[in-house]
1. Considering only residues of the range 48-68 that are buried (at least 18 other Cβ atoms within 10 Å of the Cβ) and among the hydrophobic types (A, V, I, L, M, F, W, C), which is farthest from Gly126 (Cα to Cα)?
2. Take the range 193-224 and flag every residue that is surrounded by 16 or more Cβ atoms within 10 Å (Cβ to Cβ) and more than 23 Å from Cys36 (Cα to Cα).
3. Cβ contacts < 7 Å: first residue without any contact (Cβ under 8 Å) to a residue 60 or more places away in the chain and crowded, with 21+ Cβ neighbours inside 10 Å, restricted to the range 30-45; second residue in a loop (DSSP other than H, G, I, E, B) and of a type outside the set (Gly, Ala, Ser), any location; separation 6+ or different chain. Result?
4. Could you tell me which of the residues Ala26, Ala16 is touching a Gly at 6+ places or on another chain (Cβ under 6 Å), assigned to a loop (DSSP other than H, G, I, E, B) and surrounded by 15 or more Cβ atoms within 10 Å (Cβ to Cβ)?
5. Scanning the range 135-148 for residues that are assigned to a helix (DSSP H, G or I) and over 15 Å from Trp168 (Cβ atoms), which turns out farthest from the chain's Cα centre (by Cα)?
6. Go through the range 83-109 and report how many residues are of a type outside the set (D, E, K, R) and surrounded by fewer than 16 Cβ atoms within 10 Å (Cβ to Cβ).
7. Quick one: how many residues across the range 132-158 are crowded, with 23+ Cβ neighbours inside 10 Å and closer than 17 Å to Thr207 by Cβ?
Amino acid sequence: MLPSVVAHRGASAHAAEHTLAAYDLALAQGADALECDVRLTRDGHLVCVHDRRIDRTTNGRGVVSALSLAELAMLDYGGEVGVLTLDALLGLTADHGTRLFVETKHPVRYGGLVEAKLVALLARHGMAAPADKDTSPIVVMSFSTLAVRRVRAAAPGLPTVLLLSQLWPTLRDGSLPPWADHTGPGIGLLRRDPDYVARAADHGHATYCWTVDDPADVELCAGIGVRWLATNAPAATRAVLAR
């Protein structure tokens, strides 16, 4: 089975990341699912911003957690005015029936409040307690084991991904902590150790791989059984998979 194509911050190779334009383009390009990063503003709103600071992606400066939603809403995000809130992105995905992979960023000023706010927001959208994990419209991810554990405790029905930039010695056999459903290695890890996907599958864990744009990497992921492939260019990635 070919991997599902997940639009990493939207179609971010062609539109400003974490903007409605990027997500609309990703859907137009045939992405199977979308991905976003979330951080908390000073006044407690979840916004879709990757970096700790806004300097790279806006015409402003400062730390996300030190700014209010109103302050972030006044900035230009690569041609689109106003920060994208997770609330708005959840509305978009619900309208299109599209799965959303949500990464909570750590370390952050507000610690576990990020996961608490996330679960509360998902509950308001009716997404915190899916009928089953395979059809859940939301998957929650983090590099932080504590973050993934907090999500499991607060919303046991939500599927989770433990993101990995390297394999810890205790995870080399493909196992994961009990609160993580799926594994999330970076593409560099799979280039070095492609058999990891099979070892994880032997333990019942599917693989989400980030961030895969090079055609050779797309083909590698398809060949070793990656289930979800995060990419900045959904259309180009789908074209490689269709060969």
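1. Only one residue tops the list, namely Ile54.
2. Selection gives Tyr196, Val197, Arg199, Ala200, Ala201, Leu220, Ile224.
3. Qualifying pairs under 7 Å: Thr41/Leu67.
4. Values: Ala26 fails: assigned to a loop (DSSP other than H, G, I, E, B).
Being touching a Gly at 6+ places or on another chain (Cβ under 6 Å), assigned to a loop (DSSP other than H, G, I, E, B) and surrounded by 15 or more Cβ atoms within 10 Å (Cβ to Cβ) holds for just one of Ala26, Ala16, which is Ala16.
5. Going residue by residue through the range 135-148, those that are assigned to a helix (DSSP H, G or I) are 135, 145-148.
Checking the rest, the ones that are also over 15 Å from Trp168 (Cβ atoms) come to 135, 147.
Details: Thr135: 16, Ala147: 14 Å.
Going through the qualifying residues, I end up with Thr135.
6. Of the range 83-109, the ones of a type outside the set (D, E, K, R) are 83-86, 88-94, 96-98, 100-102, 104, 106-108.
Narrowing further to those that are surrounded by fewer than 16 Cβ atoms within 10 Å (Cβ to Cβ): 88, 91, 94, 96-97, 107.
Final tally of qualifying residues: 6.
7. Qualifying residue count for the region: 5.
Bear in mind these aren't lab numbers, they're just calculated from the coordinates by the rules spelled out. Treat the numbers as computed from the prediction; the structure is a model and nothing was measured. Every residue, glycine as well, gets a Cβ built from its backbone with ideal geometry; the counts of neighbours run over all protein chains shown.
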